[in-house]
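Visitor: Before I ask anything, here is the structure I am working with.
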Amino acid sequence: MSDVAESREQTWLNKLFASQSFWVSVALAILYIGMALYEPNAFGTVENFANMTRNFAPFGIMAIGMTVVIITGGIDLSIGSIMGLVAIVAGLFLTWEYPWYVAFGAGLAAGLICGAVSGFFVAYVGMSSFVVTLGMMAIARSLAIVISGNQMLYKFGPDAPIVKAIGQWRWPLHTADSWLPTWIPQLSSHFWTMVVFALAAGFAFNFTAWGRHLFAIGGNEQAARLTGVPVDRIKFLAYVFSAFTASIASLLILGYSGSAINALGQSYELRVIAATVIGGANLMGGAGTAFGAVIGSALLEVIRNALLMAGIDSNWQGAFVGAFIILAVLLGMQSGGKSLIAATFEKILPRKHR
């Protein structure tokens, strides 16, 4: 029995140390603690922690959707433009003084239609996901500009306070009669929405037939098709889900800012793809986790915030993001059937010595 228990423990440790998201978590913790010690009155404050969680949460939500697409071996370049279109459609309905739920529903429908069109051409027509979503990126952005008249929308009518309350809601609250200590950060609705998405996606990836089908398609699409997996339907739904996450992120940002601009989400797709890959998703398909998507998004936000706090030109952010993408892909490359992290770990600490 003890041998069995030891074997299980080794298997658990092997998986942990071979996981890219684990090492990204370690890097994130080291960077955060180092910066908090270096800039305790700016970076290490509770307010800055809460701001960072609010800033990276929309990217984390979209990265979860992107992870689903990448697991199937695809890519979605249209999510940034979908954000812009969703914000403008919802903003227009609010400007016309429709109730907030009608406006949000209209925006959500616009995003889902974009995802459904992309999913149809990728799954049922067999076109490249890169080409289809690149086209959708241009179409959605153009529609957002045209229907908004290239104007910012901010006169949201009688439901404007409700919209702002949705985007600016925080929990836990620090009221005068609250027993909570002030060092506990007030986390935004963006963050809690991301947590719900991450838990739901993590459950689906590990315990549902839908999750198993996603990984089967990414691992070998032809083999999955021969074993009866509904490949076309699963791939179609992956793009719809990606558009859904982009739509939710857009509506949260709309509520927080209290305005809608057609440029919302511009170039966000790069940062979302970067976060997904850094978190361990394989661009060739067949690998990815919800936790990795969230932790990758958090790492990029901490890097961005650290650069600002350290007084480094923010234009260097792109260089850091690009370097992390290359490093993440390098670590995820296969060596003898294992990722470089797992292969290196095996060389440093062979199984018989563990």
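Visitor: Per residue, how much space in cubic angstrom lies within the convex hull of the C-alpha atoms of region 47-115?
Guide: Considering the Cα atoms of region 47-115, their hull volume per residue is 108 Å³.
Visitor: If you consider only alpha-carbon coordinates, what radius of gyration and Dmax does region 188-285 have, in Å?
Guide: 15.9, 50
Visitor: Relative to the compact-globule scaling 2.2 N^0.38 Å, provide the ratio for the alpha-carbon radius of gyration of region 106-167.
Guide: 1.47
Visitor: Still on this structure, please answer the following. Report, largest value first, the span of the C-alpha coordinates of region 6-139 along each principal axis, in whole Å.
Guide: Rounded to whole Å, the extents work out to 54, 43, 25 Å.
Visitor: Comparing LEU143, LEU252, LEU173, which has the greatest mean-square fluctuation in the GNM of the chain with Cα pairs linked when under 10 Å apart?
Guide: Fluctuation is largest for LEU173.
Visitor: Express the accessible area of region 289-330 per residue in Å², computed with a 1.4 Å probe while the remaining protein chains stay in the model.
Guide: So region 289-330 comes to 46 Å² accessible per residue, rounded to a whole number.
Visitor: How many lysine pairs are close in the chain, with Cα atoms under 24 Å apart and the two 8 or more places apart or on different chains?
Guide: Summing the qualifying lysine pairs gives 6.
Visitor: Would you please give the FRET efficiency between ILE30 and MET309, computed as 1/(1 + (r/R0)^6) with r the Cβ-Cβ distance and R0 = 25 Å, to the nearest 0.05?
Guide: 0.95
Visitor: Would you mind calculating the gained length between SER259 and ARG233 on full extension (0.36 nm times residue separation, minus the Cα-Cα distance), in nm to one decimal?
Guide: 5.8 nm
Visitor: Here's a follow-up. Give the relative contact order (percent, whole number) for region 1-157; include only Cα pairs under 8 Å separated by 6+ residues.
Guide: Relative contact order of region 1-157: 23 percent.
Visitor: Which value at 222 nm does the chain reach when only helices count, each DSSP H run of 4 or more adding -39,500 (n - 2.57), with the total divided by all residues and rounded to the nearest 500 deg cm²/dmol?
Guide: -23500 deg cm²/dmol
Visitor: Tell me the net charge near GLN186. Cut-off is 14 Å between Cβ atoms, GLN186 excluded, with +1 for each Lys or Arg and -1 for each Asp or Glu.
Guide: Summing Lys/Arg as +1 and Asp/Glu as -1 gives +1.
Visitor: Please report the accessible area of LYS164 (heavy atoms, 1.4 Å probe, ligands and nucleic acids excluded) in Å², nearest 10.
Guide: LYS164 has an accessible surface of roughly 90 Å² with all protein chains in place.
Visitor: With the Cα gyration tensor of region 175-219 giving a ≥ b ≥ c as the square roots of its eigenvalues, does the rule (a/c under 1.5 for rounded; else a/b larger than b/c for prolate; else oblate) give rounded, prolate or oblate?
Guide: Taking the square roots of the gyration eigenvalues as a ≥ b ≥ c, region 175-219 is prolate.
Visitor: Oh, and also: Expressed in nm to one decimal, what extension gain is obtained for the pair VAL131 and ALA106 from 0.36 nm per residue of sequence separation less their Cα-Cα distance?
Guide: Roughly 6.3 nm would be gained on extension.
Visitor: Using R₀ = 45 Å, calculate the FRET efficiency as 1/(1 + (r/R₀)^6) where r is the Cβ-Cβ separation of SER267 and LEU173; round to 0.05.
Guide: The formula returns an efficiency of 0.85 here.
Visitor: Looking only at PRO58, PRO181, PRO172, which one moves most when the chain is put into a Gaussian network model with springs between Cα atoms under 10 Å?
Guide: It is PRO181.
Visitor: Using a 7 Å offset from the Cα along the Cα-to-Cβ direction at both ALA200 and VAL146, what is the distance between the two label points in nm, to one decimal?
Guide: About 3.2 nm, to one decimal.
Visitor: So, one more: Using a simple spin-label model with points 7 Å from Cα along the Cα→Cβ vector, what separation in nm is obtained for LEU180 and LEU327?
Guide: Each label point is offset 7 Å from its Cα along the Cβ direction, giving 3.4 nm.
Visitor: Could you estimate the translational diffusion coefficient of the chain from the Stokes-Einstein equation, with Rh from the Kirkwood formula over C-alpha pairs, at 37 °C and 0.692 mPa s, in whole µm²/s?
Guide: 153 µm²/s
Visitor: Please give me, ordered by residue number, the chymotrypsin sites (Phe, Trp or Tyr not before Pro) of region 137-190 that lie in loop per DSSP and have at most 13 other Cβ atoms within 10 Å.
Guide: TRP179, TRP183
Visitor: A follow-up question, please. Taking 41 Å as R0, compute the FRET efficiency from the Cβ-Cβ separation of VAL46 and ARG225 and round it to 0.05.
Guide: 0.20
Visitor: How charged is the neighbourhood of VAL240? Take every other residue with its Cβ under 15 Å from the Cβ of VAL240, and add Lys/Arg as +1 and Asp/Glu as -1.
Guide: Counting the neighbours of VAL240, the net charge comes to 0.
The values are calculated or read from the model by the stated rules, or taken from the named source; none is laboratory data. Just so it is clear, the model here is predicted, and its values are computed rather than measured. Neighbour counts run over all protein chains shown; Cβ positions are idealised from the backbone, glycine included. Remember, those area values only see protein heavy atoms, side chains included, never the ligands or the DNA or RNA. Shrake-Rupley method; radii C 1.70, N 1.55, O 1.52, S 1.80 Å.
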